[in-house]
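So the structure is just underneath, and the comments pick up after that.
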Amino acid sequence: MQTFKFDIYGMTCGGCVAGVRRAVSSLDGVDQVEVPLKPGSATVQADPSRVTSLQIMSAISGLGHVANVHQEPSASESTQ
């Protein structure tokens, strides 16, 4: 299993959260999905041999939201 993290833009309510959770959970290879409304993100536990980050982002964007792979700030960015 691998943990995928995404920033999601455009979620405004619990219905959005439920839709994203349902869409991502339906993908083959996804084991667990966490989608908090604030800060607008998703953490997905999945088998990378069965599902890719692009497939997950596509499922989210199919609902009208924008999803990007979450990038942790580098050490130099977090100290500036």
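Every number in this text was worked out from the coordinates using simple rules, so none of it is lab data. Computed from a predicted structure; not experimentally measured. Here the Cβ is made from the backbone with ideal geometry for all residues, glycine too, and neighbour counts use every protein chain on show.
Only Cα pairs under 8 Å and 6+ residues apart enter the sum, and on that basis the relative contact order of the chain stands at 39 percent.
How big, in percent, is the set of alpha carbon pairs in region 2-71 lying more than 20 Å apart?
Details: 344 of 2415 pairs.
I get 14 percent for the Cα pairs in region 2-71 exceeding 20 Å.
Note on SER58 and LYS38: their simple-model spin labels are 3.4 nm apart, each label 7 Å out from Cα toward Cβ.
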